[in-house]
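Heads up, the thing below is written out as structure tokens.
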Amino acid sequence: MEILRVENLVKTYGKGENKVKAVDDISFSVEKGELVAIVGASGSGKSTILHLLGGVDRPTSGKVYIDGKDIYSLSNDNLAIFRRRQVGIIYQFYNLIPILNVKENITLPCDLDGQHIEEERLDNLLKTLGLENRANHLPNELSRRSATKSFYRKSYDK
């Protein structure tokens, strides 16, 4: 079952002689359960691709389908709801709320959406991230070495 399809994705920045194609006409698909890595040299567009797949930035052209839905056909408000409910992005350099601890930063999207927090699932996530003993630490109490950059989606198995 296909969970992600990208068609002719392009993202450009700037104009004229300052125009840069950060993503240049890429297409691919990902099946449920498939593991995918985005690798490349610094400046090759990896972060831009992740931002486009996660609905953080809009493409110059092309389509991104998640679970069969063209995410860029959504209004800005609905795209924000989509990101909150379907996508999680962990940045290499924290984009965490400094006054919230690890657990609160992880659960904030669910809180904003009025969703119940499943403690067992949260505990499993903390364990997977190696943060089970740091759940009550503030972001400035965490090591930058433990930060990772990854893209994952909320489970569609429910």
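The values are calculated or read from the model by the stated rules, or taken from the named source; none is laboratory data. Because the structure is a prediction, the values reported are computed rather than measured. Cβ placement follows ideal geometry from the backbone for every residue including glycine, while neighbour counts extend to all protein chains displayed.
Quick notes on this structure:
- For segment 10-32, filtering for residues that are assigned to a loop (DSSP other than H, G, I, E, B) and either closer than 22 Å to Gly55 by Cβ or hydrophobic (A, V, I, L, M, F, W, C) (or both) leaves 1.
- Only one entry of Gly43, Gly55, Gly62 meets the criterion of being surrounded by fewer than 11 Cβ atoms within 10 Å (Cβ to Cβ), on the phi > 0 side of the Ramachandran plot and in the same structural domain as Arg85 (by TED's automatic domain parsing), and that entry is Gly43.
- Some residue of segment 56-72 being in a helix (DSSP H, G or I) and either within 26 Å of Pro139 (Cβ to Cβ) or out of contact with any Cys (no Cβ under 8 Å at 6 or more places or on another chain) (or both): yes
- Selection status of Ile38, out of contact with any strand residue (DSSP E or B) (no Cβ under 7 Å at 6 or more places or on another chain), more than 16 Å from Gln86 (Cβ to Cβ), among the β-branched types (Val, Ile, Thr) and assigned by TED's automatic domain parsing to the domain that holds Glu2: yes
- Residues (surrounded by fewer than 13 Cβ atoms within 10 Å (Cβ to Cβ) and farther than 18 Å from Val56 by Cα) located in segment 76-110: Pro98, Ile99
- Yes/no for Ser73 being modelled with pLDDT of 90 or more, exposed (fewer than 12 other Cβ atoms within 10 Å of the Cβ) and under 24 Å from Lys32 (Cβ atoms): yes
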